[in-house]
Amino acid sequence: NAFYIFKGEWSSLPPLIPMLKGGGKNPLFHDERIVWAEKLLGGFKDCHVLELGPLEGGHTYMLENMGASSILAIEANSRAYLKCLITKEILNLQRSRFLLGDFVSYLKETQDMYDVCIASGVLYHMQNPAELIHLIAQKTEKVMFWTHYYDPETNNPDVNVRFSKVVTQEYQGFNHTLYKHPYQDLAAHSTTGFCGGTTHFSMWMSRQDILSCLKYFGFERLEVHFEKPDHPNGPCFCVVGFKS
């Protein structure tokens, strides 16, 4: 009954309930990116994890099953937040807490430190992505990002045509270039299945600037995987960062 409150809106389908219909096909409750990150980061067992943008709690479910002692997951989209609560009840998550709100504000205000931060699908929704990397670097020694990035050489012309402005910016001494990415359908913010940011546009970074920014703010060891330069929504990759 709880699942069907958002029937047709789920990006993925919680496990253990194969009879349910109306869920998306994204395997977020068994995501190879999280399995890969677990191996590189030395496991999540007994870790305090900060998760940014849990969407529907799929990665949260995986992190708890991998032995994390606590997961604090912060989601800005109210409908996604409610789906996370449904996931928590359906799958009986015991060590996960979901908050509704702006994780940038949280990172600026909290004194808490974390063993690892998982930030999947959030960097390309930021208006100041370098700031997010900097804030994360102040709270953890290990991070995993999955994100889209700007690449003028992409083979998908429908992607780059969406970018409306190029801005050169300096943040905390880090010089980089940002590419303005308006959400194509501004009415999407009021639709039930929207999974994007809370504003009408975001600023994308290039692949190289993302990696340089991570190193600039202390994540000196980087590993990259799941590179998809031809992804239909824009080039993307997964990167794990460690402080030395």
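Report, ordered by the first and then the second residue, all pairs with beta carbons closer than 8 Å, sequence separation of six or more or different chains, a first member in segment 104-128 that is more than 18 Å from CYS213 (Cβ to Cβ), and a second member that is among the polar types (S, T, N, Q).
Sorted first by the residue in segment 104-128, then by its partner, the pairs are MET113/THR140; TYR114/THR140; ASP115/THR140; VAL116/THR140.
For SER212, indicate whether it is out of contact with any His (no Cβ under 6 Å at 6 or more places or on another chain) and at pLDDT below 95.
no
When only residues in segment 220-244 that are open to solvent by less than 10 Å² (accessible area, probe 1.4 Å) and touching a Lys or Arg at 6+ places or on another chain (Cβ under 6 Å) count, which is farthest from LEU135 (Cα to Cα)? Lay out the reasoning, then the answer.
Residues of segment 220-244 that are open to solvent by less than 10 Å² (accessible area, probe 1.4 Å), as a first pass: 234-241.
Then drop every residue that is not touching a Lys or Arg at 6+ places or on another chain (Cβ under 6 Å), which leaves 236, 238.
Working: CYS236: 22, CYS238: 19 Å.
Selected residue: CYS236.
Would a scan of segment 139-157 turn up a residue that is more than 25 Å from GLU223 (Cα to Cα), out of contact with any helix residue (DSSP H, G or I) (no Cβ under 9 Å at 6 or more places or on another chain) and crowded, with 17+ Cβ neighbours inside 10 Å?
No, because not a single residue in segment 139-157 is more than 25 Å from GLU223 (Cα to Cα), out of contact with any helix residue (DSSP H, G or I) (no Cβ under 9 Å at 6 or more places or on another chain) and crowded, with 17+ Cβ neighbours inside 10 Å.
Those residues that are out of contact with any Gly (no Cβ under 8 Å at 6 or more places or on another chain), part of a loop (DSSP other than H, G, I, E, B) and surrounded by fewer than 20 Cβ atoms within 10 Å (Cβ to Cβ), I need them from segment 48-76; list them, please. Quick ask: steps written out before the conclusion?
Residues of segment 48-76 out of contact with any Gly (no Cβ under 8 Å at 6 or more places or on another chain): 48-52, 54, 56-65, 68-72.
This time we only want the ones that are part of a loop (DSSP other than H, G, I, E, B), so: 54, 56-57, 68-69.
Result: SER69, single match.
The values are calculated or read from the model by the stated rules, or taken from the named source; none is laboratory data. What you see is a predicted model, and the numbers here were worked out from it, not measured in a lab. When we count neighbours, we look across all protein chains shown, and the Cβ atoms used for this are built from the backbone with ideal geometry, even at glycine. Areas reflect the complete protein model, heavy atoms only, side chains present, ligands, DNA and RNA absent. Shrake-Rupley method; radii C 1.70, N 1.55, O 1.52, S 1.80 Å.
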